[in-house]
């Protein structure tokens, strides 16, 4: 239904949990290298539990290779703390690509600058910098499902 794109993920437990989320939501998982761990690492499999082999997984050498195969379009949305536009104002549709950056650096600034109208954030207080990557992904994926629930139900 949706494509989850993790740009340079660093923490295996987050990626494993997001993989599990992908299986349970019918989403594809795209990992953009460099990745901060070996995807065969035990921590990834542990967090993904027995779901890891069920993931529609795509690993890309870099963002350029990903964008060559999937040219950027209005179907791409970028999660960042560097915008004021809340995720729930985005008009998600089946097949969209939902991008999330690394836990340490986020999505590269040059990517965000190319698509300012497609950048979204999760509103939060000033007390914290950001939410955990797996939690952020779950919040946004389920908003996308909510907006397209009738179509989603048919695919379940």
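Things to note:
- Beta bridge orientation in the chain: antiparallel %, DSSP, nearest 5: 5 percent
- Once the Cα-Cα distance is subtracted from the 0.36 nm per residue extended length, the residue 59 to residue 150 segment shows a gain of 29.7 nm.
- Order of 119, 76 under a 10 Å beta carbon neighbour criterion, fewest first: 76, 119
- Pairs of C-alpha atoms in segment 110-156 farther apart than 11 Å represent 76 percent of all such pairs.
- Alpha carbon centroid spacing (whole Å) that separates segment 84-105 from segment 1-30: 13 Å
- Quarter of Cα convex hull surface for the chain, i.e. mean projection, nm²: 8.8 nm²
- When each of the peptides 123-134, 52-63 is scored by how many other beta carbons lie within 10 Å of its residues on average, the order from highest to lowest is 52-63, 123-134.
- The mean sequence distance of close C-alpha pairs (under 8 Å, at least 6 residues apart), as a share of the length of the chain, puts its relative contact order at 27 percent.
- Likely footprinting exposure, 115, 92, fewest C-beta neighbours within 10 Å first: 115, 92
- Which of 5, 23 has the fewest Cβ neighbours within 10 Å, and the rest in rising order: 23, 5
- Helical mean residue ellipticity (222 nm; -39500 (n - 2.57) per DSSP H run of 4+; nearest 500) of the chain: -10500 deg cm²/dmol
No value in this document is a laboratory result; all are computed from the given coordinates. It should be emphasised that the depicted structure is a prediction, and the values quoted were computed from it without experimental measurement. FYI the Cβ positions are ideal-geometry reconstructions off the backbone, even for glycines, and counts take in every protein chain you see.
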